[in-house]
1. Tell me, yes or no, whether region 71-81 has at least one residue that is modelled with pLDDT of 95 or more, more than 19 Å from Leu118 (Cα to Cα) and not in a helix (DSSP H, G or I).
2. If you take the residues of region 88-115 that are charged (D, E, K, R) and without any contact (Cβ under 8 Å) to a residue 24 or more places away in the chain, which of them is surrounded by the most Cβ atoms within 10 Å (Cβ to Cβ)?
3. Only one of these is surrounded by 14 or more Cβ atoms within 10 Å (Cβ to Cβ), modelled with pLDDT of 90 or more and not basic (Lys, Arg): Asn18, Asn85. Name it.
4. For region 46-65, how many residues are among the hydrophobic types (A, V, I, L, M, F, W, C), under 11 Å from the mean Cα position of the chain (by Cα) and assigned to a helix (DSSP H, G or I)?
5. Kindly list the number of the only condition in (1) outside any loop (DSSP other than H, G, I, E, B); (2) modelled with pLDDT of 95 or more that fails for Asn102.
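The values are calculated or read from the model by the stated rules, or taken from the named source; none is laboratory data. Source: prediction; values computed, not measured. Neighbour counts are summed over all protein chains in view; Cβ atoms, including those assigned to glycine, are modelled from backbone coordinates with ideal geometry.
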Amino acid sequence: MAKSLKIPENHFAIAEINNQGVGVICFSPEYNKDKKEQGSWEIEALYVLPQYWRKGIGQSLIQYDFRYMRSISISSCGLWVLFENHRARKFYESMEFCLSDNERAITIGGKELIEVILQ
């Protein structure tokens, strides 16, 4: 996330309860071979503290993202999620994201994992 803060095109929203940050979303124009694709954005990160899961915080952050994108005429949004992260995939699908055929392999901690894109 620290690298994301340095990129001017990235947009952030922080959810607070009693002046304490409990969640954050980062979204930005989607890049393909270093070129912006008009009308397509990506949610780069969505984090909510576990004690605030299932309280509508993640939904509110995504709805904020959607409102912002609509205000600047963005037509689509996607995000990458680990294929095996069924809890996260179920949450995003409840927000009307749909699994696509695109996937990629990533390495975390020396282990190769598969990410899929939801749009």
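1. No; the residues of region 71-81 include none that is modelled with pLDDT of 95 or more, more than 19 Å from Leu118 (Cα to Cα) and not in a helix (DSSP H, G or I).
2. So the first thing to find is which residues in region 88-115 are charged (D, E, K, R), and the list is 89-90, 93, 96, 101, 103-104, 111-112, 115.
Adding the requirement that they be without any contact (Cβ under 8 Å) to a residue 24 or more places away in the chain leaves 90, 96, 101, 103, 111-112.
Working: Lys90: 9, Glu96: 10, Asp101: 6, Glu103: 12, Lys111: 7, Glu112: 8.
Here the answer is Glu103.
3. Just one listed residue meets the conditions, Asn85.
4. 2
5. (2)
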